[in-house]
1. Accessible area per residue of the range 194-325 at 1.4 Å probe, in Å²?
2. Which residue, Ala91, His103, Gly114, has the largest displacement toward the positive end of the dipole of the range 88-138 when charges sit on each Cβ (Lys, Arg +1; Asp, Glu -1)?
3. So what's the Cα pair-distance distribution over the range 263-315, bin width 10 Å, in %?
4. How much accessible area per residue does the range 75-168 have, in Å², with a 1.4 Å probe?
5. Whole angstrom only: what separates the Cα centroid of the range 399-444 from the Cα centroid of the range 13-32?
6. So which lysines can Lys325 reach, going by Cα to Cα under 21 Å and dropping same-chain residues fewer than 8 places off?
7. Hey, what did the chain get for relative contact order, percent, Cα under 8 Å, at least 6 apart?
8. Sticking with the crude label model, points 7 Å out along Cα→Cβ, report the distance from Asp301 to His354 in nm, one decimal please.
Amino acid sequence: MIVMKFGGTSVADQAAIKRLMAIVRAARQTATQPEAADWRGPVVVVSALGGATDKLLTAATDAGAGNIPAAVDALKALRARHLDVAGIVGASADRPAVDAFIHDQFDELERLVGALGVLREVTPRWLDTIAAAGEILSSRLVAAALSAHGIAAAWVDSRTVIVTGDEHQAAPPLMTETQTALSAVVDPLLADRQVVVMGGFVGANTAGVTTTLGRGGSDYSAAIVGACLGASEIQIWTDVDGMLTADPRIIKGVQVVPHLSFGEASELAYFGAKVLHPATILPAVGKNIPVRILNSRRPNDAGGTLITRDRSLTNGPVTAMASKKNVTVVDITSTRMLMAHGFLARIFQAFEAHRTAVDVVTTSEVSVSITVDDPRRLPEIAASLREVAEVTCEDRMAIVCAVGDGLQCDPAFVSDLLQSLRGIPIRMVSQAAARRNVTLVIREADLEAALVRVHERFLGVSA
Ligand code: ADP
Ligand code: ASP
Ligand code: MG
């Protein structure tokens, strides 16, 4: 059985859902061939209609700020869009129930933003409840569309099967509980030869309160479902041909990477390749399930990217580049660090106490430099660190990360990399002993030039 995840652009409108249906129909036909080893599934995991999550979250924030009319207007537009997309269900018997479902969801959302607007407060818990409506609606709609077009499909409410911890907006999945729930709910449907459709991104804690896995989390949902149900492959259907050699939004001339190892894919996702949520690979590695990234607009033309346990076989040292903008560098300097134990622990405790994740870390004898994505708690963190050190922060920085299993075999790689960047000021350099990536921190203003140069030098393509 395979898990097929369709992102926001792949369910954005009726035309996109038609393409999805053709892809699912083909997968269903393959599964039911006499020689197929497993006739179950697929399980289809969908994101909210493209852009819907942003709109829902903005409506929630507007309501929290007391701007109820703006929130209600946004919800009215979203309601109309969902009703329009529901046209794909046609005049099937399920249509009135689908329309009623959409109205119920939006009636509830309007009541909720009204209440939040009066309270003038929106907590992470309510942000999750509101954002989750996007996937609950899209999945209900896609299930109905498949059934209406002759593909027996059952809708599963993700809140009944994805069990998570309580951390709203980044809830960790509880794998044992999730596996039990998925087996109880999804296995019988698969045994009944139904295609199962559920929303990504969304879950519920053990008390049944709605949670989400974090932005871009539908990829993660697909991997969780795949690992729990023992899928033979997890497919991520999106709007590009696969993992590309660099971010196509920043430079031209990028190419599809046909194969990546799990390790390479994790590093690329972690350091900014948006096409894959950073946590996606974890459940797949645990059960050794291949992950494939495919373009839903060109299902037959492109081979996509296959991610497996095997080492990648690229010619050069670099398989692909990842990058992140909007990074802040925190420099912490103290002579107390010289020969002292416990100093690093003290520094990381300050970040931990304010629940701020650190990305790249470099140290010298008397100073530590750390990058963070989320600078919201930096004033408190810096104040606490100033008790023992001097602290300076610099924003508008960027991370550039060269990733490749082949880096290990090229002793000259770092010097070649730095050579290719001559003239661009480099703020931090990091290479771990495992040597699957070399990470640089530079000014955001230099990012495009740096990517073009590294790409040209190591990926053999001029942008
Ligand atoms: P989906 O809605 O299908 O989940 P996302 O927008 O989350 O899609 O991810 C796909 C986007 O990721 C692409 O359109 C592309 O702009 C961006 N992206 C950034 N880096 C890469 C990369 N290295 N390879 C492919 N896509 C990338
Ligand atoms: N809809 C969610 C988001 O926009 C989850 C996802 O698309 O993966 O973040
Ligand atoms: Mg995504």
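1. 36
2. Gly114
3. 23, 51, 26, 0
4. Working: 3770 Å² over 94 residues.
I get 40 Å² per residue for the range 75-168.
5. 42
6. Lys252, Lys274
7. 13
8. 4.8
The values are calculated or read from the model by the stated rules, or taken from the named source; none is laboratory data. Please read all numbers here as calculations on a predicted model, not as lab measurements. All Cβ positions, glycine included, derive from the backbone under ideal geometry; neighbour counts span all protein chains shown. Accessible surface is based on the protein model in full, side chains and every heavy atom, while ligands, DNA and RNA are left aside. Shrake-Rupley method; radii C 1.70, N 1.55, O 1.52, S 1.80 Å.
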